[in-house]
Amino acid sequence: MAAILLAIGAWIYSVVGKIAGVARRGKSSRRDEALFVSMFPDLQPHFHPERLVEFVRAQRSGKRAAASRTASATWKNPPGLGVHAVEIEPGHLRVPYKMRDESGALLGQFLYDEIPEGGVLRVGEGKLTVNVMDKIPRVRYWHPRREFKWSQKKGWAFATPLADAHDSDSSYSSSDSSSHSFSTSRDDGVSPAPVGGGGTFDGGGASGSWDDSTSTSTGTDTSSDTSSGAAAAADTSTSTSSSY
């Protein structure tokens, strides 16, 4: 009888622990999404990393209208961007894409070029590198003042020299003379130490890898070059929250 009671108690404890873990992950996910919105206003509402995976996959699959080097093309209802259409300007590398609503009004614009691991979108001063070739898709964002990584496995990781620790128990500071806060979140509830230092992932730009055990591509786009003609929205972020 005692053994049965112990078994039941252990099962109840396990179930309660799993429920609590799910609740914690849900709370962490909501917090991360809120941080993304507040820290990266220039990427709202069209450049969420999960949606960009859809966009780049569709782009690479050839579902869009064929690009031309001499005339513009229109791609209606492009997956992931949440716009009526994108107007693709003539070009080969760093092709201008203009997002438009049903009336034809300009909603925003970016430059796009394809790389072996996926695609790169340049939005204003920032660069989004979207990896869709690995088993676990991931997105890296580089900007002169703030960065993030996102993975379907690891969740979010933020880095900004403007950020103060929102939760000192789970924030990490770089070892250089200036203060930088990093925040990380993983689906398994374990917070890994951020890579790199000086406010950048892996030493600069948005080209560092996640070191996923399932990764099959390291990517080849390593420039942190920014484009002056790509962004429709100005950078207004002054957020000082980067918490985990």
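Results, tabulated for the structure shown:
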| item | result |
| --- | --- |
| Residue under evaluation Arg140, criteria (1) over 17 Å from Val37 (Cβ atoms); (2) modelled with pLDDT of 95 or more; (3) open to solvent by 10 Å² or more (accessible area, probe 1.4 Å), criterion not met | (3) |
| Criterion (buried (at least 20 other Cβ atoms within 10 Å of the Cβ), modelled with pLDDT of 95 or more and basic (Lys, Arg)) met by exactly one of Lys127, Lys98 | Lys127 |
| Selection count, segment 84-137, where residues are in contact with a Ser or Thr (Cβ under 8 Å, 6 or more places away or on another chain), closer than 23 Å to Val37 by Cβ and in a loop (DSSP other than H, G, I, E, B) | 3 |
| Residue satisfying condition, being surrounded by fewer than 14 Cβ atoms within 10 Å (Cβ to Cβ), over 22 Å from Phe148 (Cβ atoms) and either over 13 Å from the mean Cα position of the chain (by Cα) or at pLDDT below 95 (or both), within set Gly26, Gly91, Gly62 | Gly62 |
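The values are calculated or read from the model by the stated rules, or taken from the named source; none is laboratory data. A quick note: this is a predicted structure, and the numbers were derived from the prediction, not measured. Backbone-built Cβ (ideal geometry, glycine too); neighbour counts: all protein chains shown. Ligands, DNA and RNA are excluded from the accessible area calculation, which covers all protein heavy atoms including side chains. Shrake-Rupley method; radii C 1.70, N 1.55, O 1.52, S 1.80 Å.
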